[in-house]
Amino acid sequence: MIALSAALIAVIQAVGNQAVLPAAFFYGAAAGPIALLVAIHDRTGIGNSVPGTTLIGMFLFGGGVALMIGGYFDSLLITSKNGPTILRVGWIEEAAKIVPPLAVALKGRYLTKAAGVALGLSCATGFAVMESMSYAWKSIHSDGVIGAGTVLFIRGLTTPFSHLVWTGLICAIAFGVWEVKGRVVITLPIVGAFVAAAVLHSLNDGLLTIDIPGPARLLFIGVAAVSYWLFYRATRDLKPPRVVLGPEPLRV
């Protein structure tokens, strides 16, 4: 997908055909998140816990609803992305991304840990892809198509270890509790998971946007590593369903 995005950008540069620009942005923004989704499914089998149509709906509409809510409150509460108010972003956007999976859980459906992680990751993927595309659209006016492609490449590598795992962590803890309780409740572990995700999210964005010494920005790599480690720890008990083979047919 990254190679296809780069090829489409090369076409734009070569012949000026802007019609392929949305496809270039989509493939570039979605490559990293989808790669992580495939890897997580191979490890856990979560994609089998929820119907495919529901996961697609959570990607397309859940991600869009989360982006709408997050974008609205970001504009109200974050006055400058280069100032301390950016540290509110994690609390806003993590709350926004949990709304669609929570709406499904409140109906009493898919109250299993595997299903919750699948729903959360689908919603976060939709959110991350659309957000990355918006950043690319902004940068194209100042940095051109190549600059926009660079933005997509960088975000494609980083968003899997940020947006996806933060929301996945919250959903793993929350749906794990709800699976045991049989209903939606708020417990200290759920609150703790949300706080951890929100703090990591705010630290990540703060390190990348606040005016700090350049070397200090590299700490975002540590934030990404801790984020994925917490998500992995929260989901390591999930395993693909075992395939039971029947007896060999008798041969005459």
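The values are calculated or read from the model by the stated rules, or taken from the named source; none is laboratory data. These figures come from a predicted structure and were not determined experimentally. Here the Cβ positions follow ideal geometry from the backbone for every residue, glycine too, while neighbour counts run over all protein chains shown. Accessible surface is based on the protein model in full, side chains and every heavy atom, while ligands, DNA and RNA are left aside. Shrake-Rupley method; radii C 1.70, N 1.55, O 1.52, S 1.80 Å.
Using a probe radius of 1.4 Å on heavy atoms only, what accessible surface per residue do you get for region 137-176? Whole Å² is fine.
Details: 1510 Å² over 40 residues.
Spelled out: the 1.4 Å probe surface of region 137-176, per residue, equals 38 Å².
Hey, for a label at residue 142 modelled as a point 7 Å past Cα toward Cβ, could you say which residues of region 209-227 have their backbone N under 15 Å away?
209-211, by backbone N distance to the label point.
Candidates [x] 0.96; [y] 1.06; [z] 1.03; which is the computed Rg/Rh (Cα atoms, Kirkwood Rh)?
Here the calculated entry is [z].
Expected output is a single nm value to one decimal: the length gained when fully extending between residue 103 and residue 216, i.e. 0.36 nm times separation in residues minus the C-alpha distance. What is it?
Details: separation 113, 0.36 × 113 = 40.68 nm, distance 3.87 nm.
Value of the extension gain: 36.8 nm.
Which of these, 101, 33, 51, has the largest mean-square fluctuation under a Gaussian network model of the chain (Cα springs below 10 Å)?
Its mean-square fluctuation being the largest, the pick is 51.
Determine, at each q value in 0.10, 0.18, 0.21 (inverse angstroms), the log₁₀ of I(q)/I(0) that the Debye formula gives when each Cα of region 36-166 is one equal point scatterer.
The computed values of log10 I(q)/I(0) come out as -0.35, -1.02, -1.25.
What aspartates and glutamates sit close enough to residue 81 to cross-link, taking a C-alpha to C-alpha distance under 13 Å and skipping anything fewer than 8 places away on the same chain?
The qualifying aspartates and glutamates are 205, 211.
If you average the alpha carbon positions of region 153-205 and of region 106-149, how far apart do those two centres end up, in angstrom?
The two parts, judged by their Cα centres, are 15 Å apart.
Specify whether the C-alpha gyration tensor of region 64-136 places it in the rounded, prolate or oblate class, a ≥ b ≥ c being the square roots of the eigenvalues: rounded for a/c under 1.5, otherwise prolate if a/b is larger than b/c and oblate if not.
Working: a/c = 2.68, a/b = 1.96, b/c = 1.37.
It comes out prolate by the Cα gyration axes.
Taking the 0 to 90 degree range and rounding to the nearest ten, how far is the long axis of helix 63-77 tilted relative to the main principal axis of the chain, both from C-alpha atoms?
50
Among 215, 157, 186, whose Cα sits farthest toward the positive end of the charge dipole of region 127-252 (+1 at Cβ of Lys/Arg, -1 at Cβ of Asp/Glu, about the Cα centre)?
Sorting the options by dipole projection puts first 186.
Quick one: angle between helix 113-158 and the longest Cα principal axis of the chain, in degrees between 0 and 90, rounded to 10, please.
The angle comes out near 20 degrees.
Note the angle between two axes, namely the Cα long axis of helix 89-106 and the longest principal axis of the Cα atoms of the chain, as a number of degrees from 0 to 90, rounded to the nearest 10.
The angle comes out near 30 degrees.
For region 97-252, what number of Lys pairs, 8 or more residues apart or on separate chains, have alpha-carbon atoms under 25 Å from each other?
Step by step, the pairs that qualify in region 97-252 add up to 9.
Full-extension gain between residue 80 and residue 233, please, as 0.36 nm times their residue separation minus the C-alpha to C-alpha distance.
Details: separation 153, 0.36 × 153 = 55.08 nm, distance 3.44 nm.
Answer, rounded to one decimal: 51.6 nm.
Rounded to the nearest percent, how much of the accessible area of region 133-176 (1.4 Å probe, protein heavy atoms only) is carbon and sulfur?
Values: 1200 of 1670 Å².
The value for region 133-176 is 72 percent carbon and sulfur by accessible area.
Note down the magnitude of the dipole of the chain about its Cα centre, charges +1 on Lys and Arg C-beta and -1 on Asp and Glu C-beta and zero elsewhere, to the nearest 20 debye.
Values: 17 positive and 11 negative charges, 137 e Å.
Dipole magnitude for the chain comes out near 660 debye.
On a full-extension model of 0.36 nm per residue, what is the gain between residue 199 and residue 42, subtracting their alpha-carbon distance, rounded to one decimal in nm? Working shown, then result.
On the way: separation 157, 0.36 × 157 = 56.52 nm, distance 2.88 nm.
Additional length available on full extension: 53.6 nm.
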